[in-house]
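The values are calculated or read from the model by the stated rules, or taken from the named source; none is laboratory data. What you see is a predicted model, and the numbers here were worked out from it, not measured in a lab. Here the Cβ positions follow ideal geometry from the backbone for every residue, glycine too, while neighbour counts run over all protein chains shown. The area values use the complete protein model at the heavy-atom level, side chains included, leaving out ligands, DNA and RNA. Shrake-Rupley method; radii C 1.70, N 1.55, O 1.52, S 1.80 Å.
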Number of protein chains: 2
Amino acid sequence: MRNFAVSMAYNGAAYHGFQRQDNGITIQQVVEETASRLLGEDVAIIGCSRTDAGVHARQFVFNFKTDSAIPCEGFIRAMNALLPEDIAILACEEAPLDFHARYCCEGKRYLYRIYTSEVRDVFYRDTALHYPYTLDIKSMREAAELLVGRHDFAAFCRAESLKLVKTTVRTVFDISVEQSDNITDIKISGDGFLHNMVRIIVGTLIYISEGKRTKEDIVCALDTGDREKAGKTLPACGLYLDEVYYRKREY
Amino acid sequence: MRNFAVSMAYNGAAYHGFQRQDNGITIQQVVEETASRLLGEDVAIIGCSRTDAGVHARQFVFNFKTDSAIPCEGFIRAMNALLPEDIAILACEEAPLDFHARYCCEGKRYLYRIYTSEVRDVFYRDTALHYPYTLDIKSMREAAELLVGRHDFAAFCRAESLKLVKTTVRTVFDISVEQSDNITDIKISGDGFLHNMVRIIVGTLIYISEGKRTKEDIVCALDTGDREKAGKTLPACGLYLDEVYYRKREY
(Lines give C-alpha, C1' and ligand atoms only; values in the text may rest on other atoms or scores of the structure.)
Protein backbone atom coordinates (compact mmCIF):
# COMPACT_ATOMS: atom_id res chain seq x y z
CA MET A 1 0.00 0.00 0.00
CA ARG A 2 1.35 3.43 -0.98
CA ASN A 3 0.04 6.92 -0.16
CA PHE A 4 0.29 9.40 -3.02
CA ALA A 5 0.35 13.15 -2.26
CA VAL A 6 -0.65 14.96 -5.41
CA SER A 7 -0.72 18.63 -6.34
CA MET A 8 -3.05 19.81 -9.12
CA ALA A 9 -4.46 22.96 -10.72
CA TYR A 10 -7.89 23.39 -12.19
CA ASN A 11 -10.07 25.91 -13.92
CA GLY A 12 -13.31 25.49 -12.01
CA ALA A 13 -15.59 27.31 -14.47
CA ALA A 14 -17.19 24.11 -15.78
CA TYR A 15 -17.46 22.28 -12.44
CA HIS A 16 -19.81 22.17 -9.47
CA GLY A 17 -16.90 22.57 -7.08
CA PHE A 18 -14.40 20.03 -5.81
CA GLN A 19 -16.53 17.68 -3.77
CA ARG A 20 -18.64 14.90 -5.29
CA GLN A 21 -22.34 15.57 -5.45
CA ASP A 22 -25.34 14.16 -7.23
CA ASN A 23 -26.48 17.12 -9.26
CA GLY A 24 -23.39 18.11 -11.23
CA ILE A 25 -19.95 17.11 -12.37
CA THR A 26 -17.19 17.84 -9.87
CA ILE A 27 -13.40 17.87 -9.84
CA GLN A 28 -13.31 14.98 -7.37
CA GLN A 29 -15.45 12.77 -9.58
CA VAL A 30 -13.37 13.46 -12.70
CA VAL A 31 -10.04 12.90 -10.91
CA GLU A 32 -11.23 9.72 -9.17
CA GLU A 33 -12.68 8.24 -12.35
CA THR A 34 -9.57 9.09 -14.34
CA ALA A 35 -7.18 7.67 -11.71
CA SER A 36 -9.34 4.55 -11.34
CA ARG A 37 -9.22 3.97 -15.08
CA LEU A 38 -5.45 4.52 -15.16
CA LEU A 39 -4.59 2.34 -12.16
CA GLY A 40 -7.22 -0.36 -12.65
CA GLU A 41 -8.47 -0.07 -9.08
CA ASP A 42 -11.04 2.02 -7.19
CA VAL A 43 -9.45 5.31 -6.24
CA ALA A 44 -10.89 7.52 -3.48
CA ILE A 45 -9.09 10.85 -3.07
CA ILE A 46 -8.97 13.08 0.02
CA GLY A 47 -8.85 16.77 -0.84
CA CYS A 48 -7.12 19.47 1.22
CA SER A 49 -10.28 21.54 1.08
CA ARG A 50 -13.60 22.02 -0.63
CA THR A 51 -13.98 24.63 -3.30
CA ASP A 52 -17.37 25.93 -4.40
CA ALA A 53 -18.79 25.82 -7.92
CA GLY A 54 -16.79 28.00 -10.31
CA VAL A 55 -13.84 28.45 -7.95
CA HIS A 56 -10.38 27.73 -9.38
CA ALA A 57 -7.19 26.26 -7.94
CA ARG A 58 -3.62 27.15 -8.79
CA GLN A 59 -2.58 24.54 -6.23
CA PHE A 60 -4.87 21.96 -4.68
CA VAL A 61 -3.42 18.98 -2.78
CA PHE A 62 -5.05 15.58 -2.45
CA ASN A 63 -3.88 12.15 -1.35
CA PHE A 64 -5.00 8.60 -2.01
CA LYS A 65 -3.96 5.07 -1.12
CA THR A 66 -3.00 2.73 -3.92
CA ASP A 67 -1.69 -0.76 -4.51
CA SER A 68 -0.34 0.30 -7.87
CA ALA A 69 3.39 0.18 -8.60
CA ILE A 70 3.23 3.13 -11.00
CA PRO A 71 6.14 5.58 -10.61
CA CYS A 72 5.12 9.11 -9.55
CA GLU A 73 6.45 10.58 -12.79
CA GLY A 74 4.42 8.10 -14.80
CA PHE A 75 1.30 8.94 -12.81
CA ILE A 76 1.70 12.68 -13.56
CA ARG A 77 2.26 12.11 -17.26
CA ALA A 78 -0.54 9.60 -17.75
CA MET A 79 -3.07 11.59 -15.72
CA ASN A 80 -2.32 14.76 -17.71
CA ALA A 81 -2.86 12.83 -20.92
CA LEU A 82 -6.21 11.46 -19.70
CA LEU A 83 -7.66 14.42 -17.77
CA PRO A 84 -9.67 17.17 -19.49
CA GLU A 85 -7.72 20.31 -20.41
CA ASP A 86 -9.05 22.27 -17.43
CA ILE A 87 -7.47 20.00 -14.82
CA ALA A 88 -3.70 19.42 -14.62
CA ILE A 89 -1.53 17.37 -12.27
CA LEU A 90 1.47 19.48 -11.19
CA ALA A 91 3.36 17.13 -8.86
CA CYS A 92 3.12 13.75 -7.17
CA GLU A 93 5.15 12.31 -4.30
CA GLU A 94 4.91 9.19 -2.20
CA ALA A 95 3.99 10.32 1.33
CA PRO A 96 4.02 8.52 4.70
CA LEU A 97 0.91 6.36 5.11
CA ASP A 98 -0.52 8.71 7.75
CA PHE A 99 -0.35 11.78 5.52
CA HIS A 100 -3.87 13.20 5.12
CA ALA A 101 -4.33 16.13 2.75
CA ARG A 102 -6.98 17.80 4.92
CA TYR A 103 -5.91 17.01 8.50
CA CYS A 104 -2.21 17.69 7.89
CA CYS A 105 -2.86 21.00 6.13
CA GLU A 106 -1.48 23.89 8.21
CA GLY A 107 -2.75 26.77 6.17
CA LYS A 108 -3.80 28.01 2.78
CA ARG A 109 -3.53 31.05 0.63
CA TYR A 110 -6.37 32.24 -1.57
CA LEU A 111 -6.23 34.71 -4.44
CA TYR A 112 -9.14 36.90 -5.46
CA ARG A 113 -8.61 38.50 -8.89
CA ILE A 114 -10.44 41.64 -10.00
CA TYR A 115 -10.36 43.10 -13.50
CA THR A 116 -10.94 46.86 -13.27
CA SER A 117 -11.87 48.53 -16.51
CA GLU A 118 -15.05 50.04 -17.85
CA VAL A 119 -15.46 47.29 -20.43
CA ARG A 120 -15.11 43.61 -19.50
CA ASP A 121 -12.05 41.64 -20.64
CA VAL A 122 -13.19 38.79 -22.89
CA PHE A 123 -10.20 36.70 -21.82
CA TYR A 124 -11.00 36.86 -18.09
CA ARG A 125 -14.71 36.15 -18.26
CA ASP A 126 -14.55 33.06 -16.00
CA THR A 127 -11.33 33.83 -14.17
CA ALA A 128 -11.69 37.33 -12.68
CA LEU A 129 -14.41 39.57 -11.32
CA HIS A 130 -15.17 42.41 -13.71
CA TYR A 131 -15.37 45.63 -11.68
CA PRO A 132 -15.94 48.67 -13.91
CA TYR A 133 -14.67 51.33 -11.49
CA THR A 134 -11.40 52.42 -9.91
CA LEU A 135 -10.35 50.80 -6.63
CA ASP A 136 -8.92 52.78 -3.72
CA ILE A 137 -5.99 50.46 -3.08
CA LYS A 138 -4.60 52.49 -0.17
CA SER A 139 -7.86 52.33 1.81
CA MET A 140 -8.27 48.64 1.01
CA ARG A 141 -4.77 47.90 2.31
CA GLU A 142 -5.40 49.83 5.52
CA ALA A 143 -8.68 48.03 6.11
CA ALA A 144 -7.11 44.66 5.33
CA GLU A 145 -4.57 45.19 8.10
CA LEU A 146 -7.42 45.13 10.65
CA LEU A 147 -8.32 41.59 9.60
CA VAL A 148 -4.82 40.16 9.99
CA GLY A 149 -4.35 38.12 13.16
CA ARG A 150 -6.45 35.80 15.28
CA HIS A 151 -10.10 36.91 15.23
CA ASP A 152 -13.64 35.65 15.34
CA PHE A 153 -14.66 35.79 11.67
CA ALA A 154 -18.34 34.92 12.21
CA ALA A 155 -19.34 38.10 10.35
CA PHE A 156 -17.35 36.87 7.35
CA CYS A 157 -19.03 33.47 7.02
CA ARG A 158 -21.98 32.34 4.94
CA ALA A 159 -24.90 32.43 7.40
CA GLU A 160 -26.18 28.95 6.52
CA SER A 161 -22.76 27.46 7.23
CA LEU A 162 -22.25 28.98 10.70
CA LYS A 163 -23.92 26.08 12.45
CA LEU A 164 -21.62 23.56 10.74
CA VAL A 165 -18.43 24.74 12.47
CA LYS A 166 -17.31 24.36 16.07
CA THR A 167 -15.62 27.74 16.14
CA THR A 168 -15.50 30.78 13.90
CA VAL A 169 -12.11 31.86 15.22
CA ARG A 170 -9.41 31.77 12.57
CA THR A 171 -5.96 33.28 12.11
CA VAL A 172 -5.26 35.34 9.00
CA PHE A 173 -1.50 35.41 8.42
CA ASP A 174 -1.41 38.07 5.75
CA ILE A 175 -3.49 40.03 3.22
CA SER A 176 -1.82 41.67 0.23
CA VAL A 177 -3.47 43.93 -2.34
CA GLU A 178 -1.45 44.34 -5.53
CA GLN A 179 -2.46 46.20 -8.66
CA SER A 180 -0.82 45.89 -12.07
CA ASP A 181 -2.46 47.42 -15.14
CA ASN A 182 -6.11 46.44 -14.92
CA ILE A 183 -5.63 43.46 -12.61
CA THR A 184 -5.93 43.70 -8.84
CA ASP A 185 -4.83 40.59 -6.98
CA ILE A 186 -5.83 40.18 -3.35
CA LYS A 187 -4.07 37.33 -1.58
CA ILE A 188 -5.20 36.11 1.82
CA SER A 189 -3.32 33.46 3.78
CA GLY A 190 -4.45 31.87 7.01
CA ASP A 191 -4.66 28.71 9.08
CA GLY A 192 -8.21 28.01 7.94
CA PHE A 193 -11.16 29.66 6.25
CA LEU A 194 -14.90 29.72 6.90
CA HIS A 195 -17.36 29.17 4.07
CA ASN A 196 -17.24 32.20 1.71
CA MET A 197 -14.77 33.95 4.05
CA VAL A 198 -12.46 35.14 1.27
CA ARG A 199 -15.32 36.25 -0.97
CA ILE A 200 -16.87 38.23 1.92
CA ILE A 201 -13.54 39.76 3.01
CA VAL A 202 -12.81 40.98 -0.52
CA GLY A 203 -16.41 42.15 -0.87
CA THR A 204 -15.88 44.16 2.32
CA LEU A 205 -12.66 45.68 0.97
CA ILE A 206 -14.55 46.76 -2.16
CA TYR A 207 -17.21 48.36 0.06
CA ILE A 208 -14.39 50.17 1.87
CA SER A 209 -13.14 51.44 -1.50
CA GLU A 210 -16.66 52.59 -2.35
CA GLY A 211 -17.18 54.27 1.03
CA LYS A 212 -20.06 51.93 1.89
CA ARG A 213 -18.18 50.58 4.91
CA THR A 214 -15.62 52.15 7.24
CA LYS A 215 -12.68 50.78 9.17
CA GLU A 216 -14.88 51.09 12.27
CA ASP A 217 -17.41 48.75 10.62
CA ILE A 218 -14.69 46.13 10.23
CA VAL A 219 -13.66 46.40 13.86
CA CYS A 220 -17.33 46.13 14.81
CA ALA A 221 -17.85 43.11 12.51
CA LEU A 222 -14.96 41.29 14.21
CA ASP A 223 -16.25 42.24 17.67
CA THR A 224 -19.91 41.43 17.21
CA GLY A 225 -20.06 38.90 14.38
CA ASP A 226 -22.64 41.11 12.65
CA ARG A 227 -22.73 40.03 9.00
CA GLU A 228 -24.29 43.38 8.03
CA LYS A 229 -21.12 45.24 9.00
CA ALA A 230 -19.16 43.28 6.39
CA GLY A 231 -19.57 43.55 2.60
CA LYS A 232 -21.34 41.38 0.10
CA THR A 233 -20.23 37.92 -1.04
CA LEU A 234 -18.42 38.24 -4.36
CA PRO A 235 -18.92 35.80 -7.25
CA ALA A 236 -16.88 32.59 -7.47
CA CYS A 237 -15.20 33.40 -10.79
CA GLY A 238 -12.47 35.58 -9.23
CA LEU A 239 -11.51 33.11 -6.50
CA TYR A 240 -8.52 30.77 -6.62
CA LEU A 241 -7.09 28.42 -4.04
CA ASP A 242 -3.51 29.61 -4.54
CA GLU A 243 -1.24 27.59 -2.28
CA VAL A 244 -1.61 24.94 0.41
CA TYR A 245 0.83 24.77 3.33
CA TYR A 246 2.15 21.61 5.01
CA ARG A 247 4.85 21.13 7.59
CA LYS A 248 8.21 20.82 5.88
CA ARG A 249 9.35 17.30 4.97
CA GLU A 250 6.06 15.92 6.12
CA TYR A 251 5.92 14.01 2.88
CA MET B 1 -27.13 58.04 -42.71
CA ARG B 2 -24.21 57.68 -40.29
CA ASN B 3 -21.11 55.48 -40.51
CA PHE B 4 -20.04 53.91 -37.22
CA ALA B 5 -16.42 52.81 -36.76
CA VAL B 6 -16.34 50.31 -33.94
CA SER B 7 -13.50 48.61 -32.09
CA MET B 8 -14.15 45.30 -30.34
CA ALA B 9 -12.36 42.41 -28.62
CA TYR B 10 -13.39 38.80 -28.66
CA ASN B 11 -12.38 35.44 -27.32
CA GLY B 12 -12.70 33.31 -30.45
CA ALA B 13 -12.65 29.90 -28.74
CA ALA B 14 -16.37 29.27 -29.23
CA TYR B 15 -16.67 30.73 -32.75
CA HIS B 16 -16.09 29.58 -36.30
CA GLY B 17 -14.09 32.71 -37.05
CA PHE B 18 -15.23 36.23 -37.84
CA GLN B 19 -16.95 35.84 -41.18
CA ARG B 20 -20.51 34.56 -41.56
CA GLN B 21 -20.82 31.00 -42.77
CA ASP B 22 -23.51 28.36 -42.90
CA ASN B 23 -21.99 25.65 -40.76
CA GLY B 24 -21.23 27.41 -37.50
CA ILE B 25 -21.77 30.46 -35.36
CA THR B 26 -19.47 33.37 -36.15
CA ILE B 27 -18.55 36.71 -34.59
CA GLN B 28 -20.06 38.59 -37.53
CA GLN B 29 -23.41 36.87 -37.16
CA VAL B 30 -23.62 37.50 -33.41
CA VAL B 31 -22.60 41.16 -33.72
CA GLU B 32 -24.96 41.82 -36.64
CA GLU B 33 -27.89 40.14 -34.95
CA THR B 34 -27.24 41.98 -31.68
CA ALA B 35 -26.87 45.39 -33.37
CA SER B 36 -29.97 44.76 -35.53
CA ARG B 37 -31.99 43.96 -32.43
CA LEU B 38 -30.66 47.04 -30.61
CA LEU B 39 -31.14 49.50 -33.47
CA GLY B 40 -34.33 48.04 -34.94
CA GLU B 41 -32.88 47.91 -38.46
CA ASP B 42 -30.88 45.46 -40.54
CA VAL B 43 -27.20 45.92 -39.73
CA ALA B 44 -24.45 44.66 -42.05
CA ILE B 45 -20.95 45.12 -40.68
CA ILE B 46 -17.68 45.34 -42.62
CA GLY B 47 -14.75 43.80 -40.76
CA CYS B 48 -11.13 44.93 -41.00
CA SER B 49 -10.09 41.36 -41.61
CA ARG B 50 -11.16 37.76 -41.37
CA THR B 51 -10.03 35.65 -38.49
CA ASP B 52 -10.13 31.85 -38.55
CA ALA B 53 -12.00 29.59 -36.16
CA GLY B 54 -10.61 29.82 -32.63
CA VAL B 55 -8.54 32.96 -33.30
CA HIS B 56 -8.97 35.85 -30.84
CA ALA B 57 -8.94 39.63 -31.17
CA ARG B 58 -7.69 42.18 -28.69
CA GLN B 59 -8.69 44.83 -31.23
CA PHE B 60 -10.86 44.23 -34.28
CA VAL B 61 -12.36 47.17 -36.17
CA PHE B 62 -15.59 47.11 -38.15
CA ASN B 63 -17.90 49.73 -39.61
CA PHE B 64 -21.55 49.85 -40.53
CA LYS B 65 -24.06 52.34 -41.89
CA THR B 66 -27.04 53.23 -39.76
CA ASP B 67 -30.06 55.50 -39.76
CA SER B 68 -30.21 55.29 -35.97
CA ALA B 69 -29.76 58.40 -33.85
CA ILE B 70 -28.18 56.43 -30.98
CA PRO B 71 -25.18 58.20 -29.39
CA CYS B 72 -21.88 56.32 -29.71
CA GLU B 73 -21.60 55.96 -25.92
CA GLY B 74 -25.08 54.50 -25.77
CA PHE B 75 -24.24 52.04 -28.53
CA ILE B 76 -21.16 50.79 -26.62
CA ARG B 77 -23.06 50.38 -23.38
CA ALA B 78 -26.13 48.71 -24.85
CA MET B 79 -24.13 46.35 -27.06
CA ASN B 80 -21.99 45.24 -24.11
CA ALA B 81 -25.13 44.51 -22.13
CA LEU B 82 -26.60 42.44 -24.99
CA LEU B 83 -23.53 40.65 -26.38
CA PRO B 84 -22.28 37.36 -24.94
CA GLU B 85 -19.44 37.62 -22.40
CA ASP B 86 -16.80 36.61 -24.95
CA ILE B 87 -17.36 39.64 -27.21
CA ALA B 88 -16.93 43.23 -25.99
CA ILE B 89 -17.25 46.59 -27.71
CA LEU B 90 -14.25 48.77 -26.76
CA ALA B 91 -14.92 51.99 -28.67
CA CYS B 92 -17.26 53.55 -31.21
CA GLU B 93 -16.87 56.73 -33.25
CA GLU B 94 -18.81 58.29 -36.07
CA ALA B 95 -16.59 58.12 -39.16
CA PRO B 96 -16.78 59.82 -42.56
CA LEU B 97 -19.24 58.03 -44.85
CA ASP B 98 -16.41 56.68 -47.05
CA PHE B 99 -14.57 55.02 -44.15
CA HIS B 100 -14.30 51.29 -44.86
CA ALA B 101 -12.81 49.09 -42.13
CA ARG B 102 -11.06 46.81 -44.62
CA TYR B 103 -10.02 49.11 -47.48
CA CYS B 104 -8.82 51.91 -45.21
CA CYS B 105 -6.79 49.60 -43.00
CA GLU B 106 -3.08 50.37 -43.37
CA GLY B 107 -1.66 47.59 -41.31
CA LYS B 108 -2.21 45.18 -38.46
CA ARG B 109 -0.34 43.64 -35.60
CA TYR B 110 -0.86 40.05 -34.53
CA LEU B 111 0.17 38.41 -31.29
CA TYR B 112 1.02 34.73 -30.97
CA ARG B 113 1.13 33.57 -27.34
CA ILE B 114 3.01 30.46 -26.22
CA TYR B 115 2.88 28.95 -22.75
CA THR B 116 6.16 27.11 -22.09
CA SER B 117 6.08 24.69 -19.19
CA GLU B 118 6.11 20.94 -18.91
CA VAL B 119 2.52 20.84 -17.66
CA ARG B 120 -0.27 22.79 -19.38
CA ASP B 121 -1.76 25.86 -17.72
CA VAL B 122 -5.46 25.25 -17.09
CA PHE B 123 -6.16 28.98 -17.41
CA TYR B 124 -4.66 29.32 -20.90
CA ARG B 125 -6.21 26.28 -22.50
CA ASP B 126 -7.96 28.22 -25.30
CA THR B 127 -5.78 31.32 -25.31
CA ALA B 128 -2.17 30.16 -25.69
CA LEU B 129 -0.26 27.35 -27.34
CA HIS B 130 1.08 24.90 -24.76
CA TYR B 131 4.69 24.15 -25.66
CA PRO B 132 6.32 21.85 -23.07
CA TYR B 133 9.96 22.71 -23.86
CA THR B 134 12.32 25.66 -23.54
CA LEU B 135 12.49 28.17 -26.39
CA ASP B 136 15.77 29.55 -27.73
CA ILE B 137 14.66 33.18 -27.74
CA LYS B 138 17.96 34.53 -29.09
CA SER B 139 17.88 32.32 -32.18
CA MET B 140 14.22 33.08 -32.73
CA ARG B 141 14.90 36.82 -32.62
CA GLU B 142 17.80 36.53 -35.08
CA ALA B 143 15.69 34.48 -37.48
CA ALA B 144 12.75 36.86 -37.13
CA GLU B 145 14.95 39.74 -38.31
CA LEU B 146 15.29 38.02 -41.70
CA LEU B 147 11.53 38.22 -42.22
CA VAL B 148 11.23 41.94 -41.51
CA GLY B 149 10.86 44.07 -44.65
CA ARG B 150 9.19 43.71 -48.04
CA HIS B 151 9.32 40.08 -49.16
CA ASP B 152 7.44 37.46 -51.12
CA PHE B 153 5.82 35.42 -48.34
CA ALA B 154 4.42 32.66 -50.61
CA ALA B 155 6.23 30.05 -48.48
CA PHE B 156 4.36 31.37 -45.43
CA CYS B 157 0.85 31.04 -46.86
CA ARG B 158 -1.70 28.25 -46.63
CA ALA B 159 -1.26 26.38 -49.94
CA GLU B 160 -4.99 26.28 -50.77
CA SER B 161 -5.23 30.05 -50.36
CA LEU B 162 -2.33 30.98 -52.68
CA LYS B 163 -4.55 31.11 -55.74
CA LEU B 164 -6.96 33.53 -54.04
CA VAL B 165 -4.48 36.44 -53.84
CA LYS B 166 -3.07 38.67 -56.58
CA THR B 167 0.32 38.90 -54.96
CA THR B 168 2.11 37.21 -52.09
CA VAL B 169 4.39 40.19 -51.49
CA ARG B 170 3.84 41.80 -48.10
CA THR B 171 5.78 44.13 -45.83
CA VAL B 172 6.48 43.04 -42.27
CA PHE B 173 7.16 46.14 -40.16
CA ASP B 174 8.44 44.44 -37.06
CA ILE B 175 8.65 41.14 -35.18
CA SER B 176 9.23 41.10 -31.42
CA VAL B 177 9.80 38.05 -29.23
CA GLU B 178 9.32 38.71 -25.52
CA GLN B 179 9.43 36.20 -22.70
CA SER B 180 8.12 36.73 -19.18
CA ASP B 181 7.83 33.81 -16.77
CA ASN B 182 6.22 31.03 -18.78
CA ILE B 183 4.66 33.24 -21.44
CA THR B 184 6.36 34.01 -24.74
CA ASP B 185 4.62 36.70 -26.81
CA ILE B 186 5.53 37.05 -30.46
CA LYS B 187 4.15 40.19 -32.09
CA ILE B 188 4.22 40.66 -35.84
CA SER B 189 3.12 43.88 -37.52
CA GLY B 190 2.80 44.45 -41.24
CA ASP B 191 0.81 46.05 -44.03
CA GLY B 192 -1.09 42.86 -44.73
CA PHE B 193 -1.01 39.15 -44.03
CA LEU B 194 -1.56 36.03 -46.13
CA HIS B 195 -3.79 33.22 -44.89
CA ASN B 196 -2.05 31.50 -41.92
CA MET B 197 1.02 33.72 -42.38
CA VAL B 198 1.47 34.48 -38.67
CA ARG B 199 0.86 30.88 -37.63
CA ILE B 200 3.44 29.65 -40.16
CA ILE B 201 6.00 32.34 -39.27
CA VAL B 202 5.79 31.47 -35.58
CA GLY B 203 5.86 27.76 -36.43
CA THR B 204 9.06 28.44 -38.35
CA LEU B 205 10.58 30.30 -35.40
CA ILE B 206 9.81 27.30 -33.19
CA TYR B 207 11.51 25.05 -35.73
CA ILE B 208 14.52 27.40 -35.58
CA SER B 209 14.54 27.01 -31.80
CA GLU B 210 14.39 23.23 -32.19
CA GLY B 211 17.13 23.17 -34.82
CA LYS B 212 14.76 21.76 -37.44
CA ARG B 213 15.24 24.81 -39.67
CA THR B 214 18.19 27.18 -40.15
CA LYS B 215 18.44 30.85 -40.98
CA GLU B 216 19.49 29.74 -44.49
CA ASP B 217 16.16 27.89 -44.80
CA ILE B 218 14.32 31.11 -44.08
CA VAL B 219 16.29 33.03 -46.71
CA CYS B 220 15.60 30.19 -49.14
CA ALA B 221 11.88 30.15 -48.26
CA LEU B 222 11.64 33.87 -49.04
CA ASP B 223 13.60 33.43 -52.29
CA THR B 224 11.87 30.36 -53.66
CA GLY B 225 8.42 30.32 -52.03
CA ASP B 226 9.07 26.72 -50.98
CA ARG B 227 6.58 25.94 -48.19
CA GLU B 228 8.80 23.05 -47.02
CA LYS B 229 11.56 25.45 -45.99
CA ALA B 230 9.21 27.10 -43.50
CA GLY B 231 7.79 25.51 -40.34
CA LYS B 232 4.44 24.00 -39.55
CA THR B 233 1.18 25.91 -39.12
CA LEU B 234 0.52 26.38 -35.41
CA PRO B 235 -2.96 25.99 -33.85
CA ALA B 236 -5.40 28.90 -33.76
CA CYS B 237 -5.67 29.09 -29.94
CA GLY B 238 -2.45 31.14 -29.53
CA LEU B 239 -3.31 33.72 -32.20
CA TYR B 240 -4.73 37.18 -31.53
CA LEU B 241 -5.40 40.10 -33.84
CA ASP B 242 -3.73 42.64 -31.57
CA GLU B 243 -4.07 46.06 -33.17
CA VAL B 244 -5.37 47.53 -36.42
CA TYR B 245 -3.77 50.60 -37.95
CA TYR B 246 -5.56 53.44 -39.75
CA ARG B 247 -4.30 56.78 -40.97
CA LYS B 248 -4.51 59.25 -38.13
CA ARG B 249 -7.73 61.24 -37.84
CA GLU B 250 -9.27 59.27 -40.66
CA TYR B 251 -12.27 58.82 -38.45
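In angstroms, what radius of gyration and Dmax does the stretch B:175-239 have, counting Cα atoms only?
Taking only Cα atoms of the stretch B:175-239, I get Rg and Dmax of 12.1, 37 Å.
Given label points at 7 Å from Cα along Cα→Cβ, what nm distances, shortest first, separate residue B:42 from the same residue in every other copy?
6.4
Given 0.36 nm per residue, what is the gain on full extension from residue A:65 to residue A:219 after removing their alpha carbon distance, in nm?
Stretched out fully, the residue A:65 to residue A:219 stretch lengthens by 50.9 nm.
Among DSSP beta bridges lying fully in the protein assembly as shown, give the percent that are antiparallel, nearest 5.
Counting DSSP beta bridges with both partners in the protein assembly as shown, the antiparallel share is about 90 percent.
Whole Å is fine, so just give me how far the alpha carbon centre of the stretch B:27-91 lies from that of the stretch A:32-65.
The distance from the Cα centre of the stretch B:27-91 to that of the stretch A:32-65 comes to 42 Å.
Just to be sure I understand the curve: with the Debye formula and one point per C-alpha of the stretch B:107-244, what is log10 I(q)/I(0) at q = 0.11, 0.13, 0.14, 0.21 Å⁻¹?
Treating every Cα as an identical point scatterer, log10 I(q)/I(0) equals -0.36, -0.50, -0.58, -1.32.
Tell me, what is the 1.4 Å probe accessible area of residue A:215, in Å² to the nearest 10?
90
If a/c stays under 1.5 just call it rounded; otherwise compare a/b with b/c (prolate if a/b is bigger, oblate if not). Do that for chain A, with a ≥ b ≥ c from the square roots of the Cα gyration tensor eigenvalues.
Prolate.
Taking a label point 7 Å from the Cα of residue B:167 along the Cα→Cβ vector, which residues of the stretch B:184-219 have an amide N closer than 15 Å to it?
Zone members listed by number: B:191-194.
What ³J(HN,Hα) values, in whole Hz, does the Karplus curve 6.51 cos²θ - 1.76 cosθ + 1.60 give for the stretch A:187-192 when θ = phi - 60°, with x put for Gly and Pro?
Karplus-based 3J(HN,Hα) across the stretch A:187-192 equals 10, 10, 10, x, 7, x Hz.
Skip the ligands, DNA and RNA, and give the accessible area per residue of the protein assembly as shown with a 1.4 Å probe, whole Å².
Heavy-atom accessible area per residue stands at 46 Å².
What is the sum of charges around residue B:32, taking Lys and Arg as +1, Asp and Glu as -1, for the other residues whose C-beta is under 9 Å from the C-beta of residue B:32?
For residues surrounding residue B:32, the net value is -1.
With the Cα gyration tensor of the protein assembly as shown in hand, convert its eigenvalues to equivalent ellipsoid semi-axes via √(5λ) and list them largest first in whole Å.
Its equivalent ellipsoid spans semi-axes of 44, 32, 19 Å.
Got a sec? What order do B:56, B:195 fall in by accessible area at 1.4 Å, biggest, i.e. largest, first?
Accessible-area ranking of B:56, B:195, largest first: B:195, B:56.
Over the Cα atoms of the stretch B:2-104, compute the convex hull volume and normalise it per residue, giving Å³.
Dividing the Cα hull volume of the stretch B:2-104 by its residues yields 89 Å³.
Taking amide H positions as placed in the peptide plane 1.01 Å from N, state which residues far from residue A:107 in sequence (5 or more) or on other chains have amide H under 5 Å from it.
A:245
In whole Hz, what ³J(HN,Hα) sequence does the stretch A:224-240 give by Karplus (6.51, -1.76, 1.60; θ = phi - 60°), x for Gly and Pro?
Working through the residues one at a time gives 9, x, 7, 4, 5, 7, 8, x, 7, 7, 7, x, 5, 4, x, 9, 10 Hz.
If you fit an axis through the alpha-carbon atoms of helix A:197-210 and take the longest principal axis of the Cα set of chain A, what angle between them do you get, 0 to 90°, nearest 10?
Tilt relative to chain A: about 30 degrees.
Just A:11, A:196, A:23 to compare: in a GNM of chain A, with alpha carbon springs under 10 Å, which one fluctuates most?
Per the Cα network of chain A with a 10 Å cutoff, A:23 tops the list.
Could you state how much accessible area residue A:151 has, in square angstrom rounded to the nearest 10, with a 1.4 Å probe and all protein chains kept in place?
Rounded to the nearest 10, the figure is 50 Å².
What is the angle, in °, between the Cα long axis of helix A:27-39 and the longest principal axis of the Cα atoms in chain A? Nearest 10 is fine, range 0 to 90.
With rounding to tens, the tilt is 20 degrees.
Output the 0 to 90 degree angle, nearest 10, between the alpha-carbon long axis of helix B:137-147 and the longest principal axis computed from the alpha carbons of chain B.
For B:137-147 against chain B, the angle is about 70 degrees.
Please give me, ordered by residue number, the chymotrypsin sites (Phe, Trp or Tyr not before Pro) of the stretch A:69-140 that lie in loop per DSSP and have at most 11 other Cβ atoms within 10 Å.
A:103, A:133
In nm, what does the list of distances from residue B:2 to its counterparts in the other copies look like, shortest first, when each label sits 7 Å along Cα to Cβ?
Distances to the matching label points in the other copies: 6.8 nm.
Kindly flag which residue pairs out of A:108/A:215; B:166/B:212; A:187/A:232; A:65/A:187; B:138/B:212 have an alpha-carbon separation exceeding 22 Å in this structure.
Where the Cα-Cα span goes over 22 Å, the pairs concerned are A:108/A:215; B:166/B:212; A:65/A:187.
Ranked by accessible surface with a 1.4 Å probe, highest first, in what order do A:79, B:1 come?
Order by accessible area, largest first: B:1, A:79.
Per DSSP H run of at least 4 residues, take -39500 (n - 2.57); add these up for the protein assembly as shown, divide by its residues and hand me the 222 nm value, nearest 500 deg cm²/dmol.
So the calculated ellipticity at 222 nm is -7500 deg cm²/dmol.
Starting from the Cα gyration tensor of the stretch B:46-159, take the square roots of the eigenvalues, sort them a ≥ b ≥ c, and report rounded, prolate or oblate (rounded when a/c is under 1.5, otherwise prolate if a/b is larger than b/c, else oblate).
oblate
Given contacts defined as C-alpha pairs under 8 Å and at least six residues apart, what's the relative contact order of chain B, whole-number percent?
24
Can you give the charge dipole size of the protein assembly as shown about its Cα centre, rounded to the nearest 20 debye, using +1 on the beta carbon of Lys and Arg and -1 on the beta carbon of Asp and Glu?
100
Taking the label point as lying 7 angstrom from Cα along the Cα-to-Cβ axis, what are the distances from residue B:21 to the corresponding position in the remaining copies, in ascending order and in nanometres?
Values, ascending and in nm: 3.9.
In whole angstrom, how far apart do the alpha carbon centroids of the stretch B:101-126 and the stretch A:1-21 sit?
If we compute the Cα centre of each part, the gap is 29 Å.
Which order do B:244, B:169 take when ranked by solvent-accessible area (1.4 Å probe, heavy atoms of all protein chains), largest first?
The ordering from most to least exposed comes out as B:169, B:244.
Residue B:171 accessible area, nearest 10 Å², 1.4 Å probe?
The accessible area of residue B:171 comes to roughly 30 Å².
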